[in-house]
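The values are calculated or read from the model by the stated rules, or taken from the named source; none is laboratory data. Predicted, not measured: the structure shown is a model, and the values here were computed from it. A quick note on method: Cβ atoms are made from the backbone with ideal geometry, for glycine too, and the neighbour counts reach across all protein chains shown. Ligands, DNA and RNA are stripped out before the accessible areas are found, and what is left, the full protein with its side chains, is counted by its heavy atoms. Shrake-Rupley method; radii C 1.70, N 1.55, O 1.52, S 1.80 Å.
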Amino acid sequence: MPSFVDVDADGDLDIVANTDDRHFWFYENTGTSSAASFVLRTAKPEPIAGLPMSDFWGFALGDIDSDGDLDLVTARRAGQFLLKRNPTGDPLPPPISAWEATSSANPFAGLDVGTHATPSFGDWDGDGDPDLVAGFRLGLIGELYGSENTGNARNPRFASLVSMVDAHLEQWVTAPALGDLDHDGDLDVVSGEPDGRFFYSRNDGDAKPSCP
C-alpha cells in the first residue's frame, strides 16, 4: 500500500509503503518534482525505515492536526485507528519511533470499521479540516465508510461512521484514495482490490460525498 508524501520536506513527493511483512519502507525521491527517481532508504535516522507495524493493516500520512508537520494514522487489522503525532513541529520528521502515540487522546477512539481497516484523508465536507474515508472488509465484500472531523484543524475528532456508497463494492479488501477526478470541486474516491482492479466512485453530491 503506497503513499505519496513529501517526507523529507524538499519539495517533491517521496513514497512510503507497507508490505506483507508489516513494515514501513521509505523511498526518497532523489530526482525532482517533474522527473522523479526513487531510492530505498533503510539506514537510520531515516524517518520511516523498517518501522514494525505489529498488527496494523493500513496507514495514512498527513498533517492531521494542522501544525505543519506529518502525522501517522495506522489502522489495525481488527478495524481500529491510532494517531501518532510528530512531536517536533518541524516539516522534516524525526525517526518515527520518537513520535507520540495519543492513547486516551486518540481522536479516533471508539471508531471501529470491523476488519482490514485502510484509512485515507481529505476535506470532503469543505470546512478546512481533514476527514476520514475508511475502507474495510465485510466478509468477502469491500465497504467504504466516512467519518467527518467534528473537531477543528488543530484538535481533530472523529466520532461516527457513515456509508460512502449506495451499495457494496464487489471487492475483497477496499483501499481508498481521494481526489477530484472529474474537476467539479468535490472529492471522488478510487479504491483498489487485491487482484489489481480499480473502482471509481464519483461524488454526485457537493462538498459532502454521495458516491454511487
Report, by residue number, each residue of the range 167-202 that is at pLDDT 75 or above, open to solvent by 80 Å² or more (accessible area, probe 1.4 Å), among the hydrophobic types (A, V, I, L, M, F, W, C) and within 15 Å of GLU143 (Cα to Cα).
PHE198
Run GLY205 past the list (1) modelled with pLDDT under 80; (2) open to solvent by 70 Å² or more (accessible area, probe 1.4 Å) and report the number of the one that doesn't hold.
(2)
I'm checking my understanding of the structure. Among residues of the range 96-136 that are hydrophobic (A, V, I, L, M, F, W, C) and in contact with a Gly (Cβ under 6 Å, 6 or more places away or on another chain), which one is modelled with the lowest pLDDT?
PHE136
